[in-house]
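Where a number appears in this text, it was derived from the coordinates with a stated rule and is not lab data. Computed from a prediction, not measured in an experiment: that's the story for all the values here. With ideal geometry, Cβ positions are generated from the backbone for all residues, glycine too; neighbour counts draw on all protein chains shown.
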Amino acid sequence: MAPRNELRSRPGFRARDENRRTLLIGIGNDLRGDDGAGPAVAAAVARRLPHVETREVHQLVPELADEVAQADVVVFVDASTAVDCVTVRDVAPQPGAGHSHVATPATILALCRDAYGKAPAAAWQIEVPASCFDLGAGLSAETRRGVDEAGAWIVALVEGA
């Protein structure tokens, strides 16, 4: 299945530019089965596109706001039981977002805006379908396909395809 792609709503947008900083944050724990989807995408993109900055984190934390605020484009990738196919959507700073210990892509962007006076010009969240979070399990076949699809989407974004 093709991802639900909101990139089409931005005709002519290209992440690849000599002066544009693209940051990919892969969220999850690779020791917990499908929860490792985000880090798996980050690792695959790092191998294919070494000019894209990648981070693998277990969860979003407010301390990421400084690094995210410096990026022109940010992509958050995480496993999700709420989707049945790779889902891509725009993310914007959440108006009036409280700053707490529970962080989402929208609250990280709001913290960027509030603390640093700026946020990335473009931000996306990619959710990869996941079903098994057992300790020590690898990625399920469905999630492995989603990891490949999410990686292809990011390559297309960065290369302007």
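Other residues whose C-beta falls under 12 angstrom from the C-beta of Ala141 contribute a net charge of -1, scoring Lys and Arg +1 and Asp and Glu -1.
Packing around the peptides 60-72, 131-143, taken as the average count of other Cβ atoms within 10 Å per residue, puts them in this order, highest first: 60-72, 131-143. Our note on the geometry: Cα centres of the range 103-149 and the range 22-61, 9 Å apart.
Using packing as a proxy for protection, rank 109-122, 74-87 so that the peptide with the highest average count of other Cβ atoms within 10 Å comes first.
Values: 109-122: 17.4, 74-87: 21.1.
Going from most to least packed, we get 74-87, 109-122.
The range 20-159 has equivalent-ellipsoid semi-axes of 24, 17, 12 Å, by the square roots of 5 times the alpha carbon gyration tensor eigenvalues, sorted largest first.
When only Cα pairs below 8 angstrom with a gap of at least 6 residues are kept, the range 32-161 shows a relative contact order of 38 percent.
Plugging the Kirkwood radius over Cα pairs into Stokes-Einstein for the range 98-150, at a temperature of 20 °C and a viscosity of 1.002 mPa s, what D comes out in µm²/s? Please list the in-between numbers first.
Numbers: Rh = 13.7 Å.
It diffuses with D of about 156 µm²/s by this estimate.
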